[in-house]
Amino acid sequence: MTPMVNLKAQYAEIKEEVERGLAETIENCSFILGPNVQAFEKETAEYLGVKHAIGVASGTDALHLALIAEGIGAGDEVITSAFTFIATAEAIKYVGAIPVFVDIDPRTFNISPFAIEQAITPKTKAVMPVHLFGQPADMTEILQLCEENNLKLIEDACQSFGARINGKQTGAIGHAGGYSFFPSKNLGAFGDGGLVVTNSDETAAKIKQLRNHGSDVRYYHDVIGYNSRLDEMQAVILRAKLKRIDQYNQARRHVAHLYSELMADLPLVTPYEDGLGEHVYHQYTLLSDRRDDILKALQDRQIGCAVYYPVPLHQQNVFKEECAGVSLPVTEAVSATCFSLPICPFLDDDTIREIVAIIRGVLTA
Ligand SMILES: *Cc1c(COP(=O)(O)O)cnc(C)c1O
C-alpha cells in the first residue's frame with residue numbers, strides 16, 4: 001500500500017525531538033500562545049524573510065484574517081482562481097466580498113496575469129493568487145498589476161511553504177500571505193494550524209488582535225475578533241519540521257523529476273515548471289484523457305491517487321448561481337483530465353518506478 005503522503009516515515013525522523021517538546025509543554029502547562037508559538041513565529045519570520053509572522057488556527061483563518069486586516073469588505077471584488085481548494089473563496093465570502101474567478105495558465109495551472117487584467121473593474125479591491133501545487137504564480141506580472149491599479153495583493157501560499165521566486169518566499173511578496181499547516185501540506189502539523197505573514201506593522205497588529213478575541217490587553221476588547229490561535233502543541237511539531245523544510249522540499253523535487261523522466265515517452269502531460277520560481281511539488285499533477293482508467297489501475301494496486309480538483313469553484317453547487325454565465329475554458333478542461341500521484345519526501349525510487357509501470361501498462365495496453 002502506498003499512501004498519497006507518508007506521514008509515518010516523516011514522524012520516525014523527528015520523533016525524539018517532538019516527544020521531548022510535547023512532554024515539556026505538558027509539564028509547563030503553557031498551552032495558549034506559549035513559548036513554542038512565540039519561537040515558531042520568530043523562526044518562520046526569519047525563514048520567510050518577513051517582518052511579522054502570526055500563528056493562527058488554520059490556513060482558512062489566515063486568509064480570512066488577512067482580508068479583514070487589509071480592509072477588504074462588503075461588495076469588494078477579489079480576483080482569484082477557480083482551480084483551487086474551496087477555502088480560498090470561502091475566506092473572500094466570509095468578509096462579504098465577491099470572488100471574481102478568472103482563468104488559469106494551461107501549463108502551470110496558476111492564475112493568468114492576463115485574465116486578472118481583463119477582470120479589473122472599479123470595484124476590484126484585491127487579487128488573491130494561489131501558488132497552486134507548490135509552484136509560484138507569476139508574481140512579477142501580478143505585483144505590477146496590483147501596483148498599477150492600487151489593489152491589495154494577498155497570497156494564498158497554503159500549498160507553497162518554502163517555494164521561492166525572484167529571491168523571495170511565496171507568501172512574503174504581497175501585502176499579506178497565508179499558509180496552512182494541515183497535516184498533508186509541505187510543512188504540516190499534527191492537526192490544524194496556519195500562519196499570516198506581512199511586512200506591515202499595522203496589518204500585523206490587527207491580525208494579532210483579531211486572532212485573540214479583538215484584544216491586545218487581556219479582557220480589554222477593541223474589535224469583534226475570533227478565537228484563532230496557533231496551538232502550542234502544533235508549534236512544537238512545526239518547529240521540528242521547519243528545520244528540515246528545505247530538505248523535504250528538495251526530496252519532493254527529486255520525486256517529481258524522477259516521475260517526469262520515467263513518463264517522458266508516455267502520452268500524458270507531466271507537470272510544467274515555468275522556471276520563474278522553484279516548484280516545491282505539494283502535488284504532482286498530470287493530465288490524461290485516460291484519467292479514469294489510470295486511477296482505477298492504481299486503486300486496484302492500493303496506490304494512493306486523487307483528483308485535485310474535479311469541480312472548479314465556479315461550478316460548485318455553492319457558487320453555481322452566483323457564477324451563472326462564468327466560463328473558464330482552461331480551468332474546465334484541466335479539471336476534466338487532471339489527477340495527482342503520491343508525493344512526499346519519503347517516497348522511494350523503487351515505488352516511483354512501480355507506479356509508473358502501472359500507468360505505462362494502462363497507456364500501452
Ligand atoms: C489547504 C488549503 C487552504 C486551507 O487551509 P486549512 O489549513 O485547511 O484551512 C487554503 N487554500 C489552499 C490552496 C489550500 O490548499
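General remarks:
- Qualifying positions in the range 259-286 - more than 15 Å from residue 135 (Cβ to Cβ) and either surrounded by fewer than 19 Cβ atoms within 10 Å (Cβ to Cβ) or within 16 Å of the ligand (Cβ to nearest atom) (or both): 261, 262, 264, 265, 266, 267, 268
- For the range 301-317, a residue qualifies if it is within 27 Å of residue 111 (Cβ to Cβ) and touching a residue at least 12 places away in the same chain (Cβ under 8 Å), and the qualifying residues are 305, 306, 307, 308, 309, 310, 311, 312, 313, 314, 315, 316.
- Among the residues of the range 166-183, those identified as surrounded by fewer than 22 Cβ atoms within 10 Å (Cβ to Cβ), in contact (Cβ under 8 Å) with a residue 12 or more places away in the chain and closer than 19 Å to residue 274 by Cβ are 166, 168.
- Of residues in the range 189-209 being surrounded by fewer than 21 Cβ atoms within 10 Å (Cβ to Cβ) and within 16 Å of the ligand (Cβ to nearest atom), the one farthest from residue 219 (Cα to Cα): 190
- Of the helices (runs of 4 or more DSSP H) entirely within the range 1-80, those holding at least 2 residues that are of a type in the set (D, E, K, R) and at pLDDT 95 or above occupy 7-28, 35-48.
- Test result for residue 186, within 14 Å of the ligand (Cβ to nearest atom), surrounded by 22 or more Cβ atoms within 10 Å (Cβ to Cβ) and touching a residue at least 24 places away in the same chain (Cβ under 8 Å): yes
- Filter result for residue 151 (buried (at least 19 other Cβ atoms within 10 Å of the Cβ) and not hydroxyl-bearing (Ser, Thr, Tyr)): yes
The values are calculated or read from the model by the stated rules, or taken from the named source; none is laboratory data. Bear in mind the structure is a predicted one, so any value in this text is a computation, not a measurement. Please note: Cβ atoms are built from the backbone with ideal geometry, for glycine as well, and neighbour counts cover all protein chains shown.
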